[in-house]
Amino acid sequence: MTRRLTWVFVIGFALSLAALIASHDQDAIATLLRHDLGALTIKGALALFAGGLVLVAFRDRLSKALEALLFWAVVVLLLVIGYSYRFELRDVADRVIAEVMPGHVASRGDSAEVVRGRGGDFALTARINGAKVAMVLDTGASSVVLTQEAAKAAGLPIEVLSYTVNVDTANGRTRAAAVTLDRIVIGGLTERAVPALVAQSGQLKSNLLGMSFLNRLEGWDVRGDRLRMRGAP
């Protein structure tokens with residue numbers, strides 16, 4: 001069948017070419033440039049048989065080429081869509097991760113959202129002076145309170161701190177040192193020059209995100225299992 005079809009296109013192409021050459025005093029170029037009905041018919045026949053011959057001769061290769069072209073067209077389209085909606089997609093990804101990984105901070109502009117952990121606390125990771133520090137929300141704490149380890153990671157001079165502030169912890173009353181943190185970053189929130197306390201060694205199990213940070217925000221609230229914090233404009 002393929003061979004017969006090939007011969008049909010070859011003979012048709014040859015007859016169309018012969019008609020083109022034989023027309024109008026052998027001037028084939030003039031015929032191609034003309035737009036009367038006869039010239040258009042000859043040009044249409046030439047295009048039909050030439051195209052058919054190419055399709056028959058390169059059918060398999062053309063099919064693969066079209067498949068590859070379609071694949072890359074889809075890839076380019078997805079990349080364009082992803083780039084156009086990159087901020088929206090990042091927000092969606094943050095929210096999905098926050099749902100499956102309690103403690104992950106979902107950021108959106110100058111706001112942050114955290115899902116309550118299995119233990120009932122809002123645990124999150126903050127950056128204090130550039131260091132990653134695991135913290136727990138404690139609205140009963142008047143200040144941000146750090147352990148000795150976290151304070152050291154944040155670059156605070158724990159050896160020369162003066163522990164003169166009385167604080168109440170789960171282990172009872174102890175003393176802490178007053179410090180000022182250069183910056184605290186939680187998701188899309190950044191607060192600078194935040195007052196904080198550093199607990200004495202062994203007196204604090206978790207770093208506390210207290211009111212000296214929360215009071216600087218435009219607002220914050222707990223709705224169900226979600227903590228939402230909004231930065232000042």
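Does segment 194-212 include one or more residues that are open to solvent by 10 Å² or more (accessible area, probe 1.4 Å), hydrophobic (A, V, I, L, M, F, W, C), out of contact with any helix residue (DSSP H, G or I) (no Cβ under 9 Å at 6 or more places or on another chain) and without any contact (Cβ under 8 Å) to a residue 24 or more places away in the chain? No: zero hits.
Of all the criteria given as (1) in a strand (DSSP E or B); (2) open to solvent by 20 Å² or more (accessible area, probe 1.4 Å); (3) more than 25 Å from H104 (Cβ to Cβ), the one not satisfied by A176 is (2). Just so you know, in segment 213-233 the residues that are in contact with a Phe, Trp or Tyr (Cβ under 8 Å, 6 or more places away or on another chain) and among the charged types (D, E, K, R) include one that is most open to solvent (accessible area, probe 1.4 Å), and it is R230. Within segment 148-160, residues that are surrounded by 13 or more Cβ atoms within 10 Å (Cβ to Cβ) reach partners that are of a type in the set (K, R) and in a helix (DSSP H, G or I) with beta carbons closer than 9 Å, at six or more positions or on different chains, in the pairs I158/K152. Collect the residues in segment 170-219 that are more than 16 Å from T147 (Cβ to Cβ) and among the aliphatic types (A, V, I, L, M), keeping them in residue-number order. Result: V185, I186, L189, A193, V194, M211, L214, L217.
The values are calculated or read from the model by the stated rules, or taken from the named source; none is laboratory data. Since we're looking at a predicted model, the values are computed, not measured. Glycine gets a Cβ as well: all are built from the backbone with ideal geometry, and neighbour counts include every protein chain shown. Surface areas here come from the heavy atoms of the whole protein model, side chains and all, with no ligands, DNA or RNA. Shrake-Rupley method; radii C 1.70, N 1.55, O 1.52, S 1.80 Å.
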